[in-house]
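> My structure is below; once you've seen it, I'll send some questions.
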């Protein structure tokens, strides 16, 4: 993968009612090499049809989103989540997805102390890893920003995610810069644990006048120097997809096609041969 062809784009950007076929057309039109697919995209057309649609456009599947949510205390909801997790593993295999994204689930759903919630996550991830391994599916655990520890994820640092996944074959990390831009373990992970990085997701950060809460924004505007971060990662040897992830509410009236085009233009501003070597990428 070189240049803009290292770009993957996420289906999460599509509002309700935006056909998945139009999304795939838009991804192909901007020169993306891959797409991140979602439960909604599967529900819309079915796995077999979706696989055919992706293949017809010459696209890969960078990720399928999202399994996990291991902290649900309600027994009926937990059983429903287990069924969804199994369905997603099977779909990831059928779609040839390069990684199945895993979100751990928040503390609030556990109705228990944080230590208990994290123990549930360890048990649930181990069980999911065994299932995924039987389908030859790679899992990618995504650390979640600490501000979302109650609602979304109890594993927040890259170091904790690496420690949790280390004993589990076929379980690596997805690094979403929206969640991990702040993490002192970000750069060391690319220096010391590069084979464990399954995928990089990127966007920029938009801060309101009060500075909180942060939100996702297009790559060329916001608080992060994304060019420096992505150049550092590639300079350290990361050769995977750079997956642009923005959610439909963050379009703020902008067209899907236009925002995807902005992401492609941003990534095309630097090419592999421009990436500094390890000594320079500091």
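> Say whether the condition of being part of a helix (DSSP H, G or I) and surrounded by 13 or more Cβ atoms within 10 Å (Cβ to Cβ) is met by at least one residue in region 194-207.
Yes - at least one qualifying residue is present in region 194-207.
> Additional query: Taking only pairs six or more apart or across chains, which ones have beta-carbon atoms under 7 Å, a first residue in region 113-127 that is touching a residue at least 12 places away in the same chain (Cβ under 8 Å), and a second residue that is surrounded by fewer than 20 Cβ atoms within 10 Å (Cβ to Cβ) and not in a helix (DSSP H, G or I)?
The qualifying pairs are 125/168; 126/168.
> I want to confirm something. Restricting to region 188-205 and keeping residues that are under 17 Å from residue 263 (Cβ atoms) and without any contact (Cβ under 8 Å) to a residue 40 or more places away in the chain, which single residue is nearest to the chain's Cα centre (by Cα)?
Step by step, filter region 188-205, then rank; the result is 204.
Each row is one residue, and each column tells you yes or no for (1) at negative phi; (2) assigned to a loop (DSSP other than H, G, I, E, B); (3) surrounded by fewer than 15 Cβ atoms within 10 Å (Cβ to Cβ); (4) over 22 Å from the mean Cα position of the chain (by Cα).
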site	(1), (2), (3), (4)
115	yes, no, yes, yes
118	yes, no, no, no
130	yes, no, yes, no
133	yes, no, no, no
136	no, yes, yes, no
144	yes, yes, no, no
147	yes, no, yes, no
151	yes, yes, yes, no
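> Taking the conditions exactly as written (surrounded by fewer than 14 Cβ atoms within 10 Å (Cβ to Cβ) and in contact (Cβ under 8 Å) with a residue 60 or more places away in the chain), does residue 264 satisfy them or not?
No.
Results for (1) crowded, with 24+ Cβ neighbours inside 10 Å; (2) under 20 Å from the mean Cα position of the chain (by Cα); (3) part of a loop (DSSP other than H, G, I, E, B), shown as yes or no for each residue.
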residue	(1), (2), (3)
65	yes, yes, no
78	no, no, no
82	no, no, no
88	yes, yes, no
93	no, yes, no
98	no, yes, yes
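> Ok, one more. Taking region 153-186 only, how many residues are assigned to a helix (DSSP H, G or I) and in contact with a helix residue (DSSP H, G or I) (Cβ under 7 Å, 6 or more places away or on another chain)?
Number satisfying all stated conditions: 6.
Residue-wise test of (1) surrounded by fewer than 22 Cβ atoms within 10 Å (Cβ to Cβ); (2) under 21 Å from the mean Cα position of the chain (by Cα); (3) modelled with pLDDT under 95.
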{"residue": "11", "(1), (2), (3)": "no, yes, no"}
{"residue": "15", "(1), (2), (3)": "yes, yes, no"}
{"residue": "20", "(1), (2), (3)": "no, yes, no"}
{"residue": "26", "(1), (2), (3)": "no, yes, no"}
{"residue": "31", "(1), (2), (3)": "yes, yes, no"}
{"residue": "39", "(1), (2), (3)": "yes, yes, no"}
{"residue": "42", "(1), (2), (3)": "yes, yes, no"}
{"residue": "46", "(1), (2), (3)": "yes, no, no"}
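> Just to be sure before I move on: is residue 255 farther than 28 Å from residue 153 by Cα, exposed (fewer than 12 other Cβ atoms within 10 Å of the Cβ) and modelled with pLDDT under 95 in the structure I sent?
no
The values are calculated or read from the model by the stated rules, or taken from the named source; none is laboratory data. Predicted model only: the values in this text are computed from it and were never measured. Cβ atoms come from the backbone with ideal geometry, glycine included; neighbour counts cover every protein chain shown.
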